[in-house]
Amino acid sequence: MKRDRLPLRAGDFVVVAGILLLIAGTGILFLFHRTEQKRCVILQNNQVIEEIPLDGSIHRELILDGEYRNRIEIDGTRIRFASSTCPNQFCVHTGWISEPYQSAVCLPNRVIVRIESDRETEIDALT
């Protein structure tokens, strides 16, 4: 018994080409997808003390002296005031910060720790 083959038509080639273009386009988007580069900026008395990339590779402590003493801990992709000799300890109670535009501040020692990004983020709320 002989089987009849269905002939391919021009529309079939258009559909296959469209699917291949869709797959190739998706692959190119993933290939050239730019990851967000976050960095921590540490300021004291409005002077930049240090800029640290938050790419997961850096684990260290930083001591800042002034009127008070701050110990700042960097743990790969996040940062915090681990301890401080200032009276109110608000900076320590802030905890870990890891997202762009978050910040922790020690007002008595005039230290600001903030996270910046090269990618624009949408503001979800203003207070």
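The values are calculated or read from the model by the stated rules, or taken from the named source; none is laboratory data. For clarity, every value in this text was computed on a predicted model and none was experimentally measured. In this analysis, Cβ positions are derived from the backbone assuming ideal geometry, glycine residues included, and neighbour counts consider all displayed protein chains.
When you check residue 108 against the structure, is it at pLDDT 85 or above, surrounded by fewer than 10 Cβ atoms within 10 Å (Cβ to Cβ) and more than 24 Å from the chain's Cα centre (by Cα), yes or no?
On the way: at pLDDT 85 or above: yes; surrounded by fewer than 10 Cβ atoms within 10 Å (Cβ to Cβ): no; more than 24 Å from the chain's Cα centre (by Cα): yes.
The answer is no for residue 108.
Within the range 35-75, the set of residues being among the polar types (S, T, N, Q) and surrounded by 12 or more Cβ atoms within 10 Å (Cβ to Cβ) comprises 37, 44, 70. Do the conditions hold for residue 61, that is, is it at pLDDT 80 or above and either part of a helix (DSSP H, G or I) or in contact with a strand residue (DSSP E or B) (Cβ under 8 Å, 6 or more places away or on another chain) (or both)? Spelling it out, residue 61 is indeed at pLDDT 80 or above and either part of a helix (DSSP H, G or I) or in contact with a strand residue (DSSP E or B) (Cβ under 8 Å, 6 or more places away or on another chain) (or both). When residue 80 is tested against (1) more than 19 Å from the chain's Cα centre (by Cα); (2) over 20 Å from residue 118 (Cα atoms); (3) in contact (Cβ under 8 Å) with a residue 12 or more places away in the chain, only condition (1) is not met. With the condition kept exactly as written, say whether any residue in the range 68-78 is among the hydroxyl-bearing types (Ser, Thr, Tyr), out of contact with any Ser or Thr (no Cβ under 6 Å at 6 or more places or on another chain) and at pLDDT below 95. Looking through the range 68-78, none of the residues is among the hydroxyl-bearing types (Ser, Thr, Tyr), out of contact with any Ser or Thr (no Cβ under 6 Å at 6 or more places or on another chain) and at pLDDT below 95.
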